[in-house]
1. Could you tell me the relative contact order of the stretch A:254-350? Use alpha-carbon pairs under 8 Å, at least six residues apart, and round to a whole percent.
2. With each pseudo-label sitting 7 Å past Cα toward Cβ, what's the residue B:98-residue B:199 distance in nm, one decimal?
3. What does chain A give for Rg and for Dmax, in Å, if only its C-alpha atoms count?
4. Quick one: helix A:7-31 against the long Cα principal axis of chain A, what's the angle to the nearest 10°, folded into 0 to 90?
5. Identify the chymotrypsin sites (Phe, Trp or Tyr not before Pro) of the stretch A:97-186 meeting these criteria: DSSP loop state and at most 14 other C-beta atoms within 10 Å of the C-beta.
6. Mind grabbing the base-10 log of I(q)/I(0) for the stretch B:241-301 at q = 0.13 Å⁻¹? Debye formula, identical points on the C-alpha positions, no solvent, two decimal places.
7. Quote the convex hull volume per residue of the protein assembly as shown, based on C-alpha atoms, as a whole number of Å³.
8. Can you give me the angle between helix B:46-101 and the longest principal axis of chain B, using Cα atoms only, in degrees from 0 to 90, rounded to the nearest 10?
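Rule-based calculations on the coordinates, nothing more; no lab input. Here the structure is a predicted model, which is why all the values come from computation and not from measurement. Every residue, glycine among them, receives a Cβ derived from its backbone with ideal geometry; neighbour counts consider all protein chains shown.
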Amino acid sequence: MPISTFMGLHTSLRGLLAEQRALDVTSHNIANANTLGYSRQEAQLQATDALFEAGSGQLGTGVDVMAYKRIRDSFLDLQYRTQAMQVGAGTTRAGALDQAELRLGEPGDNGIAARLNSFWSSWSDFANTPDSGAARQSLIGDATTLASAVNALDDSLQTVAGQAAAKLAALTGAGGELQQIAGELAGINGAIRDAQSVGSQPNDLFDRRDLLLDKLAGFAQVSVVGDGAGSIRVTLGGAAAPLVDGATLTWPPPAMTSPGGTIGALMDLSSPTGTLASYRGEIATFAQALTTQVNAIYQPAAAADFFAYDAGTARLSVNPAVTAATVRAGAGAAGDNSAAIALSELRGKSGGPDDLYARLVTRIGTEVADARRGASNANVLSNSIEDRRQSAAGVSLDEEMTNLIRFQRGYQAAARAMSATDMLLDTLINRTGRVGL
Amino acid sequence: MTSPRITTSMISRNVLADLNDVSARMSETQRKMATGKELTRPSDDPFAVGRALALRTELEGVGQYRRNAAEAEGWTAASDTALGAVTDIAQRARELLLRGANGTASSSQRAAIAEEIDQLVDAAKQDANATHAGRSLFAGTATDVKPYNMASDAYAGDGGDIARSIGPGVSVVVNVRGSDTLGNGADGKLLNVLRDIAAHLRGGTPADQAALTSTDIVAIDRSIDDLLGMRAQIGATANRLSAADDRLAELEEGVRGLLSKTEDADMAATLIDYSTQQAVYQSALRAGAGIVQASLLDFLR
């Protein structure tokens with residue numbers, strides 16, 4: 001088959017067009033160098049089908065863009081999402097426990113440990129001067145302050161748990177961030193399916209969907225299954241039914257069995273069996289022990305309880321019948337201080353109130369330190385995975401600059417080739433057969 | 001092997017993360033320097049904070065024991081002074097007895113001596129009514145009651161002990177009861193002895209005379225011995241208290257040292273940390289500024 005004279009022009013044209021597309025893709029990459037979740041793209045060039053020339057073989061016909069490829073490693077996405085869940089859980093837990101720790105005010109002059117010390121010292125001073133109005137007044141004052149400090153600590157832990165519950169409701173409630181993200185995911189799923197049904201690769205939609213999944217992974221454990229037609233099914237927190245299936249959103253979200261992430265941490269913090277609740281339980285144990293141990297000594301001497309603890313409302317109080325006027329240092333005469341001495345010796349007793357309280361402080365301290373370490377480890381890991389992800393999918397400006405030059409030169413050269421063909425044709429058309437003219 | 005692709009956002013993200021890291025460490029060090037404490041929150045070192053709480057409790061307890069001991073020393077000193085006065089009175093009564101027992105004394109002289117001994121009884125009761133900070137020293141635990149009134153020789157206090165706690169589980173009884181020294185009515189103790197002497201001096205019978213030279217002398221000597229014995233006991237208590245105070249002072253010093261070691265920052269080390277971190281921060285800033293700015297763009301024409 002003879003080959004067209006104008007063949008060279010077309011070959012050059014294909015080169016021009018392909019280089020231009022590649023330049024366009026480079027521009028797109030540069031424009032999105034700082035876009036969150038963007039994966040760099042690449043114009044995949046391929047030589048077009050050759051022409052067969054009898055006797056000499058195949059003649060190349062130029063180049064064409066086969067596809068615009070999105071460069072991304074979906075395996076790293078899975079790893080990233082696992083870590084994002086840990087980061088979400090760790091950060092939320094560490095933040096809330098931090099609050100709890102702050103409310104303890106230990107070690108310091110205003111914590112319960114200092115109040116206990118003043119309380120025991122007051123009993124000692126009272127033992128030394130059982131008839132002194134000042135010693136009585138200061139004992140009742142210290143006891144009242146101690147009781148209100150214990151109640152205030154319990155209140156503030158309840159407040160922290162309440163804040164966690166409010167955050168959880170805001171996140172997972174109607175119109176919350178979870179619903180927005182899930183809704184957007186369902187929308188993008190539909191758009192991707194439509195685009196793929198006409199054979200196109202919606203790269204930027206994929207990026208947006210992956211970014212939403214990253215965010216979702218911070219909230220709870222996410223499992224993603226593709227349906228082979230571009231759509232995905234997203235299950236959240238080990239629920240039995242998917243949250244998003246293709247373009248369908250299930251709202252309210254199906255019950256999660258192992259939420260993890262921010263939602264899991266908030267659930268634990270606000271739960272009546274969660275971490276904060278168990279701290280409150282230890283405070284109750286401490287207050288109960290304080291009440292029992294003090295009353296056990298005070299009751300026989302004064303025929304009245306000193307402290308009262310109501311487990312239902314978690315309130316510690318000084319028995320209203322015990323006042324500066326009625327408080328007693330011993331059962332006997334005015335100078336009998338045997339009960340006051342015995343009470344002052346509860347200070348620092350093994351298994352006594354100081355001991356129980358120090359145990360609580362150590363426990364909270366350990367758990368806060370653990371939570372903080374966990375959050376920071378998850379952060380380091382997720383950063384390193386994000387680095388690897390960026391290494392594959394991120395835009396390198398140096399690389400794009402190099403590509404820019406490459407494709408620009410390619411374009412220039414294709415134009416030059418076209419000019420050369422043009423000159424050949426000029427010779428052929430305008431100068432051939434004019435001998436003697 | 002190819003080196004990994006380093007992209008623009010990786011560089012800026014890492015530079016930022018590293019700077020954050022160094023600043024966080026610097027702020028931690030700054031906090032240590034400002035508070036002088038190694039531990040400001042339980043999570044800094046949970047175990048050490050638990051230990052610091054226990055040490056602080058112990059320190060407060062030791063301080064309180066020292067205050068208790070000081071208070072008890074005040075009590076024993078006052079008791080000793082009062083008993084000293086009573087002893088002087090007993091000695092004076094013994095001298096008077098010897099003078100009155102002398103056969104040459106006339107009955108009017110004896111009556112005068114008996115009068116003086118009656119006065120001594122009142123003086124002894126007054127001394128036994130001594131108080132420390134408003135509390136009766138010799139009335140047992142009935143510190144709000146005067147142990148003796150002038151109308152009778154009966155003891156109005158009780159038999160209770162007054163204790164001061166000077167260590168974990170260590171209490172010291174600091175009081176001496178009036179009933180053990182001066183006595184309670186006709187029980188052969190000091191007041192009873194003095195009353196007998198006065199009666200014998202006034203009586204003038206040969207039997208009275210005989211009693212003055214025999215049983216009364218023995219009785220007053222025994223009373224003086226009792227008083228001296230009581231004072232020795234109080235002296236021993238005072239010694240015990242002062243020894244306890246010395247021991248407690250040493251203990252306080254030791255616990256304070258331990259507490260400081262547990263919760264106070266090592267200033268020299270902290271300052272060195274701070275300068276190191278400052279240097280690291282500055283070089284991180286410099287390197288970051290250089291890396292983030294440089295790009296192929298700067299060199300393309």
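1. Once divided by the residue count of the stretch A:254-350, the mean separation gives 17 percent.
2. Here the modelled spin labels are 2.6 nm apart.
3. Rg, Dmax (Cα atoms, Å): 38.2, 151.
4. Result, in degrees: 10.
5. none
6. Cα-only, vacuum Debye calculation for the stretch B:241-301: -0.64.
7. 205 Å³
8. 20 degrees
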